[in-house]
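Student: Structure incoming, see below.
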Amino acid sequence: MPTEPQPNGPLPPAPRPPGPLPHADEQWVQRLRDGVAPPRWRVVVGAVAVSVVGALLLWAEVTHPGWVRSAADGGGRGSIVVVVPLLLLVSGPVVGVAVWWSGRRDRRTLANVRASGPPPAFHLPVLRSSLRAADELPDPKPELWTVDAEGLHGWVPGVGRAVNLLPWSRVHHIDLATRREKGTDVAYAVWIGTANGHLVLTPRAAIGRPQEATGWKPDAIASILRALRPSAEQETTT
């Protein structure tokens, strides 16, 4: 009986698929193409720095209680002065644990992807909780999608094969999903129109990161998926 790939230790990058991608000069696109996570040291340093700032502010409040009282008497902000340092102190470990957990799950998934066959052309980590489709995908919800000539394959940790397949023949168009933020429509996800409805995938910032991708990244990912879609399928569905 084959053994499940283990998450312990770093995984080597997958071989690069042939052909350029849109935005291929961007490092984050190269990592998604190769299926590798960005270094974690920046996150670790940032989390430690935030916790240190919170600890220093708490120490200052303990050693200078008069300052807290004067802030409370002056503007009624005493509770904020106390709560903010606590939040800073706690947020560092919380972020660190979230990144470690997300990275561990993605490493397990990537091990299964690489053991299943040839390397895909692109890897798309997504927020599982935000996945939406006209017909609900069966559990478990994919946390990582791979893209190849066949279509999009949904993967989860602990399963040695893709749990979902969306062939290119069922894809009618690839667009952006938007939401209203401060009176402006902001793109936050990739909208994939299918023969049965649609699939909305909210990209994560990177492999091994739990947070949502922001800025122009969803737009760039949508253009990459369009470029990877076989031209014959585009002609058939347009």
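Student: Could you give the length gained by full extension between residue 128 and residue 101, i.e. 0.36 nm per residue of separation minus their alpha carbon distance, to one decimal place? Mind dumping the intermediate values first?
Tutor: Numbers: separation 27, 0.36 × 27 = 9.72 nm, distance 1.42 nm.
Full-extension gain reported as 8.3 nm.
Student: Quick check for you: which residues of the range 167-208 have the amide N under 14 Å from the point 7 Å beyond the Cα of residue 216 toward its beta carbon?
Tutor: So the set is 187.
Student: What is the extension gain from residue 184 to residue 53, computed as 0.36 nm multiplied by their sequence separation minus the C-alpha to C-alpha distance, in nm to one decimal?
Tutor: Numbers: separation 131, 0.36 × 131 = 47.16 nm, distance 3.40 nm.
Result: 43.8 nm gained on full extension.
Student: Okay, moving on. Counting only residues 5 or more places away or on other chains, whose amide H sits under 5 Å from the amide H of residue 173 once H atoms are built in the peptide plane?
Tutor: 193
Student: Could I ask something else about it? GluC sites (Glu not before Pro), restricted to the range 81-185: which are DSSP loop and have at most 15 other Cβ atoms within 10 Å?
Tutor: 136, 150
Student: Relative to a virtual label point 7 Å from the Cα of residue 195 in the Cα→beta-carbon direction, which members of the range 160-184 show backbone nitrogen distances below 12 Å?
Tutor: 166-172
Student: In a solvent-free Debye calculation with one equal scatterer on each Cα, what is log10 I(q)/I(0) for the range 154-215 at q = 0.27 Å⁻¹, listed in the order of the q values?
Tutor: -1.14
Student: What's the FRET efficiency of residue 205 with residue 115 using the Cβ-Cβ distance as r and R₀ = 30 Å, to the nearest 0.05?
Tutor: Details: r = 26 Å, r/R0 = 0.86.
Approximately 0.70, to the nearest 0.05.
Student: Which of the peptides 95-103, 196-204 is most tightly packed, and how do the rest follow, judged by the mean count of other Cβ atoms within 10 Å per residue?
Tutor: With the highest mean Cβ count within 10 Å placed first, the list reads 196-204, 95-103.
Student: Right, here's the next one. Could you list which residues have their amide H under 5 Å from that of residue 198, counting only those 5 or more apart in sequence or on another chain, with H placed in the peptide plane?
Tutor: 134, 135
Student: Full-extension gain between residue 172 and residue 231, please, as 0.36 nm times their residue separation minus the C-alpha to C-alpha distance. Could you put the intermediate results ahead of the total?
Tutor: On the way: separation 59, 0.36 × 59 = 21.24 nm, distance 1.23 nm.
Net length gain for the segment: 20.0 nm.
Any read-out appearing in this document is the output of simple, stated calculations on the displayed coordinates, not a laboratory observation. Just so it is clear, the structure is predicted and the values come from calculations on it, not from any experiment. Backbone-built Cβ (ideal geometry, glycine too); neighbour counts: all protein chains shown.
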